[in-house]
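Everything on this sheet refers to the single structure shown next.
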Amino acid sequence: MWVWIVVAIVVVVVLWAVVAYNGLVKLRNLVQEAWHQIDTELQRRHDLIPNLVETVKGYAAHERATFEAVTEARAAAANPGQSPAEQAKQENVLTQALGRLFAVAEAYPELKANVNFLQLQTELANTEDRVAAGRRFYNANVRDFNTRIETVPTSIIANMFHFVQAEYFETEDPAARQAPTVSF
């Protein structure tokens, strides 16, 4: 009788371990999938930027430093194989450079009315929205994965099989964390 009880306990523990391990693998794969979705949207963003720069260049040829900054930031952000933290840092630099590019565009009324510029600006805004949604989805999956790794009893399985916490995709720009000031 005792043998059957011990065997039943061992079977239950082994089944629990398998379920816990499979749950961790599933969450890890969700995190990786979410990261690849962000990467796809960032690539779309990086593909749109040269077209936007060329359109603005045609109107504002003397703003060379701004174009070079956007081009350099895009090249740095487009480097493959970066961690989420590194990618977030490079994307923040690119976002700031794009802000300067749009400031240049504001100085040229005929450019603001240009259909190509407006279309590119709309596409870039849509892409930014998709990147933001992807970041939220990724970070939610990272939260779930990290929580599962840290909580008992699955933390035992996570430690046994060397599951490590995933990095959040977050901004380091202090200005992006502050609420904008609106004055009339």
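Selection over the range 103-136 of residues that are of a type outside the set (Ser, Thr, Tyr) and more than 22 Å from the chain's Cα centre (by Cα) gives a count of 16.
Entry remark, the range 138-162: residues being surrounded by 18 or more Cβ atoms within 10 Å (Cβ to Cβ), of a type outside the set (Val, Ile, Thr) and within 14 Å of the chain's Cα centre (by Cα) number 3 in total. What about Ala20, is it small (Gly, Ala, Ser) and within 28 Å of Pro109 (Cβ to Cβ)? The answer is no for Ala20.
Coordinate-derived values only; no laboratory data. In this text the structure is predicted, and so the values were computed from the model without any measurement. No Cβ is skipped: glycine too gets one built from the backbone with ideal geometry, and neighbour counts run over all protein chains shown.
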